[in-house]
Amino acid sequence: MRLDGIHHVTCITGDAPGNVDFYTRVLGLRLVKKSVNQDDPTVYHLFYADEEGHAGSDITFFEYPNARPGQAGDGMVHTVVWRVGSADALEFWAERLSAEGHEVEADGEALHFANPEGLAHELVVSQVADEPLVAHHPEIPREVALQGFEGVRAYGRPSDEFLGAEAPHVPGVGGAGTVHHVAWASTMEDEQAWHDRVGDAGGHPTEIIDRFWFRSIYFREPAGVLFEIATLGPGFATDEDPAHLGEKLILPPAFEHLRDRVEPVLTPLPDPRASWATP
């Protein structure tokens, strides 16, 4: 029984249109699911990933319109780290992000930048043999595209029972531009065993929650970072044609009866690929 890396990273935005533009047009990810926060259905939950919506490439956002800016601090993830394929890819991204008006900082074999709301990102050259998790984009060649997550960095206190982490930096304030939680990937068969293992370690996990596209448990590690363990499946193609992921608002069956109530209060969002030329 082992965790299979990061499943997804969920963050907060106060500007869904700007968020879609940055992660799809600028970073070249695919919007693979446009849905709602299942714990607060009046709030968007936007999922960006590789072309097929694989776990390991999936950064997601809750939109709270006009949310105040947040500040990563003690007990919070502060940086999302992505893989790229080469030093040439780092150079490509330095030029692309600079041309879009984003400040970049090269640091050896890494490139640092932030999204428009201040969420820190880092690109590193991949050192693993994993299959690259890449989305198609007309302006971003496949060989330089983002390849999925390398990891995340968090502020917290070392813990033998859970993980080692950096020393606290500043008090954290949730808000736009911060990470809400990080999810680790598990097989469906091992989810109950992980629930029990976390409980035995004093992590006080939730019960297993059916999120329709995956199943989840949630708990906080000792420093306060909110963790999720999410299953590798059923996946985002369960209720959409893989060729048309993310084009319209999708509600899990248990939430479909709320559509007439929630759709009018959500920020209108275009299909980010609608303007692409047909091959």
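Where a number appears in this text, it was derived from the coordinates with a stated rule and is not lab data. Just so it is clear, the model here is predicted, and its values are computed rather than measured. Please note: Cβ atoms are built from the backbone with ideal geometry, for glycine as well, and neighbour counts cover all protein chains shown.
The packing ranking, built from the mean of other Cβ atoms within 10 Å per residue, places the peptides 28-40, 203-215 in the order 28-40, 203-215, highest first.
The listed peptides 96-106, 191-201, 68-78, ordered by packing as a protection proxy, come out as 68-78, 191-201, 96-106 (highest mean of other Cβ atoms within 10 Å first). Please report the spacing between the Cα centers of segment 75-91 and segment 239-262 in Å, no decimals. Segment 75-91 and segment 239-262 have Cα centres separated by 31 Å.
Label separation (VAL173 vs GLU52): 4.3 nm, computed from points 7 Å beyond Cα along the C-beta direction.
Taking label points 7 Å from Cα along the Cα-to-Cβ direction, GLU91 and ARG68 give a separation of 4.5 nm.
With only Lys, Arg, Asp and Glu charged, each at its Cβ (+1 for the first two, -1 for the last two), find how big the charge dipole of segment 6-265 is about the Cα centre; round to the nearest 20 debye. Approximately 560 debye in magnitude.
Relative protection proxy for 47-54, 264-271, from highest mean packing down: 47-54, 264-271 (other beta-carbon atoms within 10 angstrom).
Projected label points at ASP200 and MET1, each 7 Å from Cα along the beta carbon direction, are separated by 0.7 nanometres.
Gain on full extension, evaluated as 0.36 nm per residue between ASP40 and PHE255 minus their Cα-Cα distance, stands at 76.3 nm. Counted residue by residue at 0.36 nm each, then reduced by the alpha carbon distance between them, the extension gain from VAL265 to ALA129 reaches 44.6 nm.
Relative contact order for the chain: 25 percent, from Cα pairs under 8 Å spaced at least 6 residues apart, divided by residue count. Dipole of segment 6-265 computed with +1 at Lys/Arg Cβ and -1 at Asp/Glu Cβ about the Cα centre; of GLY18, PRO205, GLY156, farthest Cα towards the positive end is GLY18. Considering only Cα atoms, the convex hull volume of the chain works out to 138 Å³ per residue.
Counting 0.36 nm for each residue step from ALA110 to GLU247 and taking away their Cα separation leaves a gain of 46.0 nm. A simple count of charges around LEU249, restricted to other residues whose Cβ falls under 9 Å of its Cβ and scoring Lys, Arg +1 and Asp, Glu -1, yields +2. Considering only the Cα atoms of segment 60-124, their convex hull presents on average a projected area of 5.5 nm².
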